[in-house]
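Participant: To start, I am sharing the structure in question, which I have written as structure tokens.
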Amino acid sequence: MEIFLIRALQFVLAISLLVLLHEGGHFFFARLFGVRVEKFYVFFDPWFSLFKFKPKNSDTTYGIGWLPLGGYCKISGMVDESFDTKQLEKPAEDWEFRSKPAWQRLLIMIGGVLVNFLLALFIYSMVLFTWGDNYIKVKDMTMGMKFNTEAKALGFQDGDILVGTEKGEFKDFGADMFRDLAEAHRVDIIRKGEKMSLSLPGNLDLLGMLKTTPKFVMYMMPNTVDSVLPNTPAMQAGIRKGDKVVAFNGKPIDSYNDFSNEVGRVSDVLTTAQTPADSLKARRATISFIHQGDSVPVVANVILTSDLKMGMVFTNNLADYKQTHVEYGFFESFPAGVNYGLNVLKGYVGDMKYLFTSDGAKSIGGFGAIGSLFPPTWDWHMFWLMTAFLSIILAFMNILPIPALDGGHVLFLLYEIITRRKPGEKFMIVAEYVGIALLFGLMIFANLNDVLRFFNITY
């Protein structure tokens, strides 16, 4: 429960900040060009508000809504999600949105996206200035990598150390490495101390590489036990610190990766269990391990917990690898932050093509998926990185040419600038309804995916 609350608090804080500044971008340009803003809200307020006030001699009511699906500026003379069309029945006033030149209206509409994009670059810059950039180079993961059957069919072997592709050397073990592998025609590796290269097709399925179990590649983790929790199946089996797990349910184990994969097989069987007896049968397992200093394996029967835990922690070899740390001065941090942010945006936009596949649609997540991206403990470094990432996503998603989004309004304004003809007000109202329906449909679909994942239901 504590982890849930910490993640929820981080999520709400990040979203509140991003929504506030996004709507602030619209508000700034509206007031700059003399357009009246009737309401400025963080979160939506159907039926009632959590808080609101209207300063004396001000045309704007400020408030906080109760529905955390975004926020809004109600700009006079504009067709928006409020669907207030009564004002359109009257002659246009000088202080209304519809009275302003198209270029001013365009700046008002892109103001929110612009603020979110610049905010992300600023946060990345300040993160690099404050904490620097810390990572483990892929080539410094000297224990090597573990590959699945698809990767081995391409010539990889367990223990190979990835170095880079024709695009350059890998930085760290992350999404960019997988993207480069998916598009590479050549990958450089170190195998048993010797440098060599393998040929790749250049069009691997990135989503498949990440979603398959086991993954296309994972860094190798040792099969040595670091600690054993009391009153757990591992302790009852006699496993101790320093032991090596060498088999699970009769399958040889030479790394934690193998152990995790075999427990995953048990999880697959458990999903088909229909009775408590079926569940108990699935959770019965045999484990073989060698005590530190011995050579003869000990075989024990165990019953895994309901969440398939043994109660032992394996050695984390990442702490033993060489760490790369890059520091940035204040002025150096800005170009570095811009490059960092643009790389994040490039990767996100490039991955959008996978959303139009069956597996891609299943990977779409709602509030639960986004909230789970935040760390389970309060970490300002990770909080700001996640906030910057969400700001990039918010900017990109809002500029998509979908009615009801900023990008939809921008599309119609560009049409007006090019053709010198305004779209009809009735058309704009219908487009807004269509856009709202699409957005609500997508939101329901995304959050339904979260629910199905929570209950481990596949479709």
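Participant: Only strands (runs of 3 or more DSSP E) wholly contained in the range 1-87 count here; list those with 3 or more residues that are open to solvent by 70 Å² or more (accessible area, probe 1.4 Å).
Facilitator: 51-53
Participant: If you don't mind, there's one more thing I want to ask. If you take just the strands (runs of 3 or more DSSP E) that sit entirely in the range 190-271, which of them hold at least 1 residues that are surrounded by fewer than 17 Cβ atoms within 10 Å (Cβ to Cβ) and without any contact (Cβ under 8 Å) to a residue 40 or more places away in the chain?
Facilitator: Per the criteria, 194-199.
Participant: If you don't mind, there's one more thing I want to ask. Mind checking whether some residue in the range 335-351 is of a type in the set (S, T, N, Q), outside any loop (DSSP other than H, G, I, E, B) and modelled with pLDDT of 90 or more?
Facilitator: Yes; the residues of the range 335-351 include at least one that is of a type in the set (S, T, N, Q), outside any loop (DSSP other than H, G, I, E, B) and modelled with pLDDT of 90 or more.
Participant: If you don't mind, another one. Report, by residue number, each residue of the range 148-185 that is within 25 Å of the chain's Cα centre (by Cα), in contact (Cβ under 8 Å) with a residue 60 or more places away in the chain and in a loop (DSSP other than H, G, I, E, B).
Facilitator: Hit for the range 148-185 is Asn148, nothing else.
Participant: Can you find a residue that is in a strand (DSSP E or B) and either among the hydroxyl-bearing types (Ser, Thr, Tyr) or surrounded by fewer than 17 Cβ atoms within 10 Å (Cβ to Cβ) (or both) anywhere in the range 112-132?
Facilitator: No, the range 112-132 contains no residue that is in a strand (DSSP E or B) and either among the hydroxyl-bearing types (Ser, Thr, Tyr) or surrounded by fewer than 17 Cβ atoms within 10 Å (Cβ to Cβ) (or both).
Participant: Next up: Taking Phe331 as the residue in question, decide whether it is closer than 16 Å to Leu18 by Cα and either buried (at least 16 other Cβ atoms within 10 Å of the Cβ) or among the aromatic types (Phe, Trp, Tyr) (or both).
Facilitator: Here the answer is no, as Phe331 does not meet what is asked.
Participant: Let me ask another. Mind listing whichever residues of the range 302-349 are in contact with a strand residue (DSSP E or B) (Cβ under 6 Å, 6 or more places away or on another chain) and under 19 Å from Trp384 (Cα atoms)?
Facilitator: Selection gives His325, Val326.
Participant: Please determine whether any residue of the range 197-210 is modelled with pLDDT of 95 or more and among the acidic types (Asp, Glu).
Facilitator: Taking every residue of the range 197-210 in turn, none turns out to be modelled with pLDDT of 95 or more and among the acidic types (Asp, Glu).
Participant: Quick check: anything in the range 415-425 modelled with pLDDT of 80 or more and polar (S, T, N, Q)?
Facilitator: Yes, there is a match, as at least one residue in the range 415-425 is modelled with pLDDT of 80 or more and polar (S, T, N, Q).
Participant: Okay, moving on. Which of (1) open to solvent by 70 Å² or more (accessible area, probe 1.4 Å); (2) within 30 Å of Tyr340 (Cβ to Cβ); (3) at pLDDT 90 or above is the odd one out, the single condition His381 does not satisfy?
Facilitator: The number of the failed condition is (1).
Participant: Just to be sure, is Ser99 crowded, with 16+ Cβ neighbours inside 10 Å and either modelled with pLDDT under 95 or in contact with a Cys (Cβ under 6 Å, 6 or more places away or on another chain) (or both)?
Facilitator: Here the answer is yes, as Ser99 does meet what is asked.
Participant: Would you confirm, using the coordinates I've provided, whether Lys139 is part of a strand (DSSP E or B) and either out of contact with any Ser or Thr (no Cβ under 7 Å at 6 or more places or on another chain) or basic (Lys, Arg) (or both)?
Facilitator: no
Okay, residues lined up against (1) aliphatic (A, V, I, L, M); (2) touching a residue at least 40 places away in the same chain (Cβ under 8 Å); (3) crowded, with 19+ Cβ neighbours inside 10 Å; (4) under 22 Å from Asp80 (Cβ atoms):
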site: Pro376; (1), (2), (3), (4): no, yes, no, no
site: Tyr415; (1), (2), (3), (4): no, no, no, yes
site: Phe427; (1), (2), (3), (4): no, no, no, yes
site: Val430; (1), (2), (3), (4): yes, no, no, yes
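Participant: Met443 fails exactly one of the following numbered conditions: (1) in contact with a strand residue (DSSP E or B) (Cβ under 8 Å, 6 or more places away or on another chain); (2) exposed (fewer than 13 other Cβ atoms within 10 Å of the Cβ); (3) not acidic (Asp, Glu). What is the number of that condition?
Facilitator: Among (1) in contact with a strand residue (DSSP E or B) (Cβ under 8 Å, 6 or more places away or on another chain); (2) exposed (fewer than 13 other Cβ atoms within 10 Å of the Cβ); (3) not acidic (Asp, Glu), Met443 violates only (2).
Listed here are the residues, each with its yes/no results for (1) in contact with a Ser or Thr (Cβ under 7 Å, 6 or more places away or on another chain); (2) without any contact (Cβ under 8 Å) to a residue 12 or more places away in the chain.
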residue: Thr60; (1), (2): no, no
residue: Pro91; (1), (2): no, yes
residue: Trp95; (1), (2): yes, no
residue: Leu107; (1), (2): no, no
residue: Leu121; (1), (2): no, no
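Participant: I'd like the full set of residues that are open to solvent by less than 90 Å² (accessible area, probe 1.4 Å) and assigned to a loop (DSSP other than H, G, I, E, B), limited to the range 272-293.
Facilitator: Ala273, Thr275, His291, Gly293, listed by residue number.
Participant: Could you tell me whether any residue of the range 145-156 is open to solvent by 30 Å² or more (accessible area, probe 1.4 Å) and within 18 Å of Ser255 (Cα to Cα)?
Facilitator: Taking the range 145-156 and keeping what is open to solvent by 30 Å² or more (accessible area, probe 1.4 Å), we get 149-150, 152-154.
Pick out the ones that are also within 18 Å of Ser255 (Cα to Cα) and you get 149, 152.
Yes, because at least one residue in the range 145-156 is open to solvent by 30 Å² or more (accessible area, probe 1.4 Å) and within 18 Å of Ser255 (Cα to Cα).
Participant: Also: Does Asp140 qualify as being more than 27 Å from the chain's Cα centre (by Cα), surrounded by fewer than 16 Cβ atoms within 10 Å (Cβ to Cβ) and acidic (Asp, Glu)?
Facilitator: In short, no.
The values are calculated or read from the model by the stated rules, or taken from the named source; none is laboratory data. Quick caveat, the model's predicted, so the values are computed rather than measured. Note that each Cβ is placed from the backbone with ideal geometry, even for glycine, and that neighbours are counted across all protein chains shown. With ligands, DNA and RNA removed, areas are computed over all heavy atoms of the protein, side chains included. Shrake-Rupley method; radii C 1.70, N 1.55, O 1.52, S 1.80 Å.
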